[in-house]
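*Asks:* After the structure tokens below, expect a handful of questions from me.
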Amino acid sequence: MYRYDEFDHAFVAERVAQFRDQVERRLSGELSEDAFKPLRLMNGVYLQLHAYMLRIAIPYGTLNSKQMRMLAHVARTYDRGYGHFTTRQNLQFNWPKLSDMPNVLAELASVEMHAIQTSGNCIRNVTADHFAGAAADEVADPRPYAEILRQWSSVHPEFSFLPRKFKIAVTGAERDRAAIQVHDIGLHLKKNDKGEIGFAVYVGGGQGRTPMVAKLIREFLPEEDLLSYTTAVMRVYNLHGRRDNKYKARIKILVHETGAEELARQVEVEFAQLRDTELKLPEADVAAISAYFAPPALAERAEGWESLARWKKADPDFARWVQQNVQPHKNPDYGMVTISLKPIGGIPGDATDSQMDAVADIAEEYALDEIRVSHEQNLILPHVALADLEPVYRALVAHGLATANAGLITDIIACPGLDYCALANARSIPVAQEISSRFGSPERQEEIGELKIKISGCINACGHHHVGHIGLLGVEKKGAELYQITLGGSGDEHTSIGEIIGRGFEPNKVTDAIETIVDTYLGLRLDKSETFLAAYRRVGPQPFKDALYGGSTAEAA
Amino acid sequence: MTKIWKETGFVKNDPWVIETEETKATESQKPLLPLDALIARAEESNDVGLGVLIKPADDVRKLEPYLDRLEIVAVAFPAFNDGRAFSHASLLRQRLGYANELRAVGDVLIDQVPLMLRVGIDSFAVTNETALKRLAENRLPGIPHHYQPTVRTADDPGSYSWRRVSRTIS
Amino acid sequence: MVDKVLTANRLADGIAVWLDAGGEWTTSLQDALVARHAEAVSALEDIGKKAYADNKVVDVNVVEVQETDGILWPLRLRERIRAQGPTMVYAKGYAPADPEFIAV
């Protein structure tokens, strides 16, 4: 993974000093809240219902044990002993003091971490496939490019006051595990017929109030043009994105109102002027950055095959965990492990300081010291020898991190919701907990198969409900919570926005509704190999509407 | 009380004024013309030493034929978080090669001055008290390590092509 | 007129607070000063503006409450959660909100 050089260390130290000065001026009253707010947002500091919230950047979801231990230390020392992993591969602390934040950021800087641009109207954390560098189906590792974009976008003087936030995601396989089509810019790293590296460029995807699937505006962008082309997109957006209405200020609205073809043309015109400037990426620089992401030296561990078979036979729980939570690695002696942060009945995405420390220890001992955060709020150990799966599993069990539910119905994605968030209309966490408990039986989950439930507590869609196979959107109606259900969404390479199926459900009716939907699916699927999503795409919403609303579909709430 | 600041210090007797319904340029002052008015004046006269005020929604590239007639271009920040003028400044310097005075007007606050300097803005109409104080003390809250090349001269740190280092704190 | 209290978040640590009868900011909603008529509400708003301008608190708001048997109960679910904290067990050593208080 990337390691800071002198330049990076100096930059982060200067940024901490700058923010320390700003915090001091704010606390003394010299800086007003209006002037301070965009500055604190650009350092990841939100004000929530109960306290401030600090969002720490985990670049493209990659971190090592030293960094994870620091997160545990911060949780313990400055917060209430836990943190929350987010749908953008970041980490949130819910109770830090503003007066402590410069010290927190200084401590993070000592392990090459920061909270720069995790909020504000600027370019946010560049996310990537959480299986990057390990997945068997990967064409090329997207992370070097995510790292180049991360650097280039840090305190960019032209793009620090955009009309609105800007999110970029990169994927390097045909299977899209980074949801690039619901990002402002989505980059699909690929090779052309000549074997040259480049990107398919998508622009204008997003969720929130007006969910939209991104438009392909460039079939193949050569690698060396990454920064100049991105600059062109950003400049067009900065100049022409709407600033009159906060809810119409994302680039997706600009693409929609201008038309994708016309917008692509405007970008090409600007790009033509930028292409041969100092923004052209030298091969040497790409090679140097890529070197940080070179595949680790993986020892041959062929003994794992036999051990694994033996362990699975001896322990059905272990076998189930391997089946569900271990994915094929490029190297046949290895696997990619998903550490579930979705214990049955638990809070999705939360981890205590002890759990973070445990993951750090396991990663260091068994996983070449590499950890990932997925946008589905789980942790990943991308390189684990099959021969080490059993001790890893035991260590995870000891810390409540071995729930065998990756991609299953209890692997729920939920935003913090009204329990924490000042923007929310309804709670998400208790809803997730109840659904998880209802469907907690491993046999039942296995029977149902892959089913992604995503819950958002408001229209901002931080829970990504629009791309849930089952999506839940919490709204407020007459002072009470109500949940709208959408079906058939997906964030993969065949991205689709879920369809609202009818009027909403009260909190105490939601889990029953989910059960009805699941039973309907089980009743009409061709066979066990037809997933919920595939079945929905085959039969459409009607059978589900009939089951839920008894054949007379009322207007959506 | 609005003062004009440059890196060389506060400027006395600055002649440029933004005209309103109530305020017009006096004998010793010169107006910063709105874009359309500037284009008309340049087309209809041989005047040089002109000044123009670029608003956020203006297309700054329309100035291209008249750059040599301009002594000053002012770019407006009606609210400090309206970042369009950063692009106007970048285009003026990098694309159009404009080399004369480039001034930030409007909601100019100390925390954005380092970013404005980096995109090539070299003078500032400042009203905010904290900003005036910090500028008088030459205490700019900038970061001298940069991850982007911009038109403002900065050193190559001998590292990746996109990085620069400022000698001054901006 | 519905009873009202003044709430905000402390600048230095962000913790949710309410204005009490002594003019101090308390972390307990139940100690909040209740405004029962228009002039009292107006006074609360003025105090709020001043406290914001004095950089003691941020995000100042007047919120509606109902007083029953001496217990102050915010009319909005959001404010009840603010008063009591997250509604599930979320951290060791911190009790979740009282479900009866939170309920609609």
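The values are calculated or read from the model by the stated rules, or taken from the named source; none is laboratory data. The model shown is predicted, which means the values in this text are computed figures rather than measured ones. Methodologically, a virtual Cβ is constructed for each residue, glycine included, from the backbone with ideal geometry; neighbour enumeration extends over all protein chains shown.
*Asks:* Among A:Met1, A:Met70, which is assigned to a helix (DSSP H, G or I), more than 11 Å from every other protein chain (Cβ to nearest Cβ) and either closer than 22 Å to A:Ala414 by Cα or in contact with a helix residue (DSSP H, G or I) (Cβ under 7 Å, 6 or more places away or on another chain) (or both)?
*Replies:* Going through A:Met1, A:Met70 in turn, the sole match is A:Met70.
*Asks:* Would you mind telling me which numbered condition in (1) modelled with pLDDT of 95 or more; (2) within 11 Å of another protein chain (Cβ to nearest Cβ); (3) in contact with a Gly (Cβ under 7 Å, 6 or more places away or on another chain) C:Asn55 fails?
*Replies:* Failing condition for C:Asn55: (1).
*Asks:* Let me ask you something else. Check whether at least one residue in segment C:13-32 is among the charged types (D, E, K, R) and under 28 Å from A:Glu30 (Cβ atoms), and report yes or no.
*Replies:* Yes, there is a match, as at least one residue in segment C:13-32 is among the charged types (D, E, K, R) and under 28 Å from A:Glu30 (Cβ atoms).
*Asks:* Condition test on B:Thr130, is it surrounded by fewer than 22 Cβ atoms within 10 Å (Cβ to Cβ), free of Cβ contacts under 8 Å to residues at least 24 places away in the same chain and outside any loop (DSSP other than H, G, I, E, B)?
*Replies:* Considered against the rule, which asks whether it is surrounded by fewer than 22 Cβ atoms within 10 Å (Cβ to Cβ), free of Cβ contacts under 8 Å to residues at least 24 places away in the same chain and outside any loop (DSSP other than H, G, I, E, B), B:Thr130 comes out as yes.
*Asks:* Given (1) within 21 Å of C:Arg10 (Cβ to Cβ); (2) more than 7 Å from every other protein chain (Cβ to nearest Cβ), identify the lone condition not met by A:Glu30.
*Replies:* So A:Glu30 meets the others, but not (2).
*Asks:* Against the condition within 14 Å of chain C (Cβ to nearest Cβ), within 26 Å of A:Ala179 (Cβ to Cβ) and in contact (Cβ under 8 Å) with a residue 24 or more places away in the chain, how does A:Gly417 come out, does it pass? Steps first, please.
*Replies:* On the way: within 14 Å of chain C (Cβ to nearest Cβ): yes; within 26 Å of A:Ala179 (Cβ to Cβ): yes; in contact (Cβ under 8 Å) with a residue 24 or more places away in the chain: yes.
It is true that A:Gly417 is within 14 Å of chain C (Cβ to nearest Cβ), within 26 Å of A:Ala179 (Cβ to Cβ) and in contact (Cβ under 8 Å) with a residue 24 or more places away in the chain.
*Asks:* Test B:Val113 against the stated conditions and say whether it is in contact with a Lys or Arg (Cβ under 6 Å, 6 or more places away or on another chain), within 18 Å of B:Phe86 (Cβ to Cβ) and aliphatic (A, V, I, L, M). Don't jump to the end; show me each part of the working.
*Replies:* On the way: in contact with a Lys or Arg (Cβ under 6 Å, 6 or more places away or on another chain): no; within 18 Å of B:Phe86 (Cβ to Cβ): yes; aliphatic (A, V, I, L, M): yes.
No, not satisfied.
*Asks:* Determine whether A:Asp8 is surrounded by fewer than 21 Cβ atoms within 10 Å (Cβ to Cβ), more than 20 Å from the chain's Cα centre (by Cα) and without any contact (Cβ under 8 Å) to a residue 60 or more places away in the chain.
*Replies:* Answer is no for this residue.
*Asks:* Let me ask something else about it. When segment A:54-67 is examined, which residues are found to be touching a helix residue (DSSP H, G or I) at 6+ places or on another chain (Cβ under 9 Å) and either without any contact (Cβ under 8 Å) to a residue 60 or more places away in the chain or at negative phi (or both)?
*Replies:* Those that are touching a helix residue (DSSP H, G or I) at 6+ places or on another chain (Cβ under 9 Å) and either without any contact (Cβ under 8 Å) to a residue 60 or more places away in the chain or at negative phi (or both): A:Leu54, A:Ile56, A:Ala57, A:Ile58, A:Pro59, A:Thr62, A:Leu63, A:Asn64, A:Ser65, A:Lys66, A:Gln67.
*Asks:* Further, regarding this structure: Answer with yes or no whether A:Asp350 is modelled with pLDDT of 95 or more, outside the structural domain of A:Arg76 (by TED's automatic domain parsing) and either among the basic types (Lys, Arg) or in contact with a Phe, Trp or Tyr (Cβ under 7 Å, 6 or more places away or on another chain) (or both).
*Replies:* Yes.
*Asks:* Looking only at segment A:213-229, count how many residues are away from chain B (no Cβ under 11 Å) and within 23 Å of the chain's Cα centre (by Cα).
*Replies:* Taking segment A:213-229 and keeping what is away from chain B (no Cβ under 11 Å), we get A:213-223, A:225, A:229.
From what is left, the residues that are within 23 Å of the chain's Cα centre (by Cα) are A:213-216.
Of the residues in segment A:213-229, 4 are away from chain B (no Cβ under 11 Å) and within 23 Å of the chain's Cα centre (by Cα).
*Asks:* Take segment C:1-26 and flag every residue that is among the charged types (D, E, K, R) and either away from chain A (no Cβ under 14 Å) or under 15 Å from C:Pro74 (Cα atoms) (or both).
*Replies:* C:Asp3, C:Lys4, C:Asp20, C:Glu24
*Asks:* I've got another one for you. Pick from segment A:34-48 the residues that are over 23 Å from the mean Cα position of the chain (by Cα) and of a type in the set (A, V, I, L, M, F, W, C): which of them is farthest from the other protein chains (Cβ to nearest Cβ)?
*Replies:* Per the stated criteria, the residue is A:Phe36.
*Asks:* What's the number of the only condition in (1) touching a Lys or Arg at 6+ places or on another chain (Cβ under 7 Å); (2) within 12 Å of another protein chain (Cβ to nearest Cβ) that A:Phe293 fails to meet?
*Replies:* Here A:Phe293 clears every test but (2).
*Asks:* Of all helices (runs of 4 or more DSSP H) completely enclosed by segment A:231-339, which ones contain at least 1 residues that are among the small types (Gly, Ala, Ser)? Let's see the steps before the verdict.
*Replies:* Details: elements: A:251-258, A:260-274, A:283-292, A:303-314, A:316-325.
Here the list reads A:260-274, A:283-292, A:303-314, A:316-325.
*Asks:* Could you tell me whether A:Ala115 is in contact with a helix residue (DSSP H, G or I) (Cβ under 9 Å, 6 or more places away or on another chain), among the small types (Gly, Ala, Ser) and within 22 Å of A:Ala360 (Cβ to Cβ)?
*Replies:* It is true that A:Ala115 is in contact with a helix residue (DSSP H, G or I) (Cβ under 9 Å, 6 or more places away or on another chain), among the small types (Gly, Ala, Ser) and within 22 Å of A:Ala360 (Cβ to Cβ).
*Asks:* Okay, moving on. When only residues in segment C:68-87 that are assigned to a helix (DSSP H, G or I) and not charged (D, E, K, R) count, which is surrounded by the most Cβ atoms within 10 Å (Cβ to Cβ)?
*Replies:* C:Ala83
*Asks:* Quick one: how many residues across segment A:212-230 are part of a loop (DSSP other than H, G, I, E, B) and surrounded by fewer than 22 Cβ atoms within 10 Å (Cβ to Cβ)?
*Replies:* 1
*Asks:* For residues that are closer than 17 Å to B:Thr2 by Cα and at the interface with another protein chain (Cβ under 8 Å from one of its Cβ atoms), scanning just segment B:72-111, find the one that is modelled with the lowest pLDDT.
*Replies:* Per the criteria, the residue is B:Phe80.
*Asks:* Another question, then. Could you figure out which of (1) under 22 Å from A:Phe199 (Cα atoms); (2) surrounded by fewer than 23 Cβ atoms within 10 Å (Cβ to Cβ); (3) modelled with pLDDT of 95 or more isn't true of A:Glu107?
*Replies:* Only one criterion in (1) under 22 Å from A:Phe199 (Cα atoms); (2) surrounded by fewer than 23 Cβ atoms within 10 Å (Cβ to Cβ); (3) modelled with pLDDT of 95 or more is unmet by A:Glu107, namely (1).
*Asks:* Going through C:Leu33, C:Leu29 one at a time, which residue ends up being more than 23 Å from A:Leu98 (Cβ to Cβ) and either in contact with a Leu (Cβ under 7 Å, 6 or more places away or on another chain) or within 14 Å of chain A (Cβ to nearest Cβ) (or both)?
*Replies:* None of the others qualify; the one that does is C:Leu33.
*Asks:* Please go through segment B:122-163 and pick out each residue that is out of contact with any helix residue (DSSP H, G or I) (no Cβ under 9 Å at 6 or more places or on another chain) and within 11 Å of chain A (Cβ to nearest Cβ).
*Replies:* Once the filter is applied, which keeps residues that are out of contact with any helix residue (DSSP H, G or I) (no Cβ under 9 Å at 6 or more places or on another chain) and within 11 Å of chain A (Cβ to nearest Cβ), segment B:122-163 yields B:Glu129, B:Pro149, B:Asp156, B:Gly158.
*Asks:* Looking only at segment C:80-96, how many residues end up being touching a residue at least 24 places away in the same chain (Cβ under 8 Å) and at the interface with chain A (Cβ under 9 Å from one of its Cβ atoms)?
*Replies:* Counting residues in segment C:80-96 that are touching a residue at least 24 places away in the same chain (Cβ under 8 Å) and at the interface with chain A (Cβ under 9 Å from one of its Cβ atoms) gives 1.
*Asks:* Check A:Lys191, A:Lys248 and return the single one that is more than 11 Å from every other protein chain (Cβ to nearest Cβ) and touching a residue at least 40 places away in the same chain (Cβ under 8 Å).
*Replies:* After applying the criteria, what remains is A:Lys191.
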